[in-house]
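Written out below as structure tokens is the structure these notes cover.
Derivation of every value follows stated rules applied to the coordinates shown; laboratory data play no part. What you see is a predicted model; the values in this text were computed from it and never measured. Neighbour counts are summed over all protein chains in view; Cβ atoms, including those assigned to glycine, are modelled from backbone coordinates with ideal geometry.
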């Protein structure tokens, strides 16, 4: 087992390396999510870097894990929370406390701001393991994300009436 890697706050110059990491995380989920548009993903990363709090773990100058938080309010509540926009650690670094280091940094930031953290940590492959980790770290399970592909993943057969309506 390798020694734990240290967490640090991300800098704007980390955006490209974060893009690489999050694209990898997307691919690691086995194609369940809609495809990545790297331009849009980079815009999202930049928005989180500038308007939120991002922590990274790196090894030899490469980012191998990250968590991103942004201020968030449910539409029905005046309470401000921090939404976990992403939380991903490369598989080979998951056993050396890298995920713990990211969560410790995120929790310290949230506690300093007096805010709870909410987020949909999703995994299409290791859902039970992810659920157990988050519960051990003090998170309350609030449900889950589901996706139903358009037309159940099948090509759409449009009738002439539907085509006329679209015009």
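With the crude spin-label approximation of a point 7 Å out along Cα→Cβ, what separation in nm comes out for residue 76 versus residue 94?
With each label point 7 Å from Cα toward Cβ, the separation is 3.4 nm.
If each of residue 16 and residue 40 carries a label point 7 Å out from its Cα toward its Cβ, how far apart are those two points in nm?
Result: 2.4 nm between the two label points.
Residue 108 to residue 59: extension gain in nm, 0.36 nm per residue of separation minus the Cα-Cα distance?
Extra length from residue 108 to residue 59 when fully extended: 15.4 nm.
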